[in-house]
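See below for the structure under consideration.
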Amino acid sequence: MTEHTKRLLIVALGFLALGQVPALAQEVARPDGYGPLRIGMTQEQVDAALGAAPPHEYPDEIERCLYYRPANAPESLLVMVEDGMLTRITIMGEPDVTTVDGIKFGDEIEQLKARFSGKAYWKPHAYAPPPAGYLTFWMDGVKRGDEFYDAQGALGTVVEADDEGRVAYIHVGTPSIQYIEGCS
C-alpha cells in the first residue's frame with residue numbers, strides 16, 4: 001500500500017464514520033463531499049451511489065486514477081478516484097450549487113479575491129487569459145502559497161474562474177483539487 005493510499009484510507013474512515021449521506025439534490029459543495037458522495041469512498045461505493053464508471057481504454061490507468069462522470073450522475077458532475085478511493089468531485093455550472101463559503105456559479109472572481117484575501121490563495125489559470133484562474137481554500141482555514149499542498153487528511157475547495165472572470169467550476173476534495181489536467 002502506497003503512502004498516498006494510506007492517507008486516503010485515513011480520510012475515508014473518518015468521513016464514512018459520519019453516518020448517513022444526503023441525496024444528490026443537496027446544493028452545497030463541501031470539502032468533504034457533495035450529495036451522496038463523500039471524499040474517501042471506495043470505487044464500489046461511488047458506483048453504488050451514482051452508477052459505474054464507463055469502460056476505459058487503458059484499464060491499468062484505472063487502478064491509479066480515473067476522472068469521469070458516473071453513469072447516473074448529472075452531466076455537470078465529475079469524480080476522481082485515485083488508488084480506488086474518491087479524492088475529488090468537480091461540479092460544472094450548476095446555478096443552484098454553492099460552496100460552504102457561499103460562493104456560487106457566475107460569481108465575479110475579483111469580488112471573491114477581495115472577500116477572501118486572507119483565507120484563499122489565487123493563482124492565474126494555466127491556459128486561459130486573465131481574469132481566469134483558481135481560488136483555493138483549505139478546510140483548516142490557512143492560506144497557502146503556490147507550492148503543491150499535500151498534507152495528510154487535507155481537504156479543500158478550488159473555485160475556477162473562466163476567461164470572463166466568473167466562477168465556472170467548483171472542485172472539492174483532497175489535494176487532487178490542485179490538479180490542472182485531469183489526474184495530473
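Each value in this text was obtained by applying a stated rule to the coordinates, not by laboratory testing. Bear in mind that the values here come from a model prediction, so they are computed numbers and not experimental data. Using ideal geometry, Cβ is built from the backbone for each residue, glycine included, and neighbour counts are taken over all protein chains shown.
Under 5 Å from the amide H of G51 lie the amide H atoms of N72, each residue being 5 or more positions distant or on a separate chain, with H modelled from the backbone and absent for Pro and chain starts. Between the amide H of L155 and those of M139, D140, distances stay under 5 Å, these residues lying 5 or more places away or on another chain, with hydrogens modeled in the peptide plane.
Dipole size of region 45-165 about its Cα centre, with +1 on Lys/Arg Cβ and -1 on Asp/Glu Cβ: approximately 480 debye, rounded to the nearest 20.
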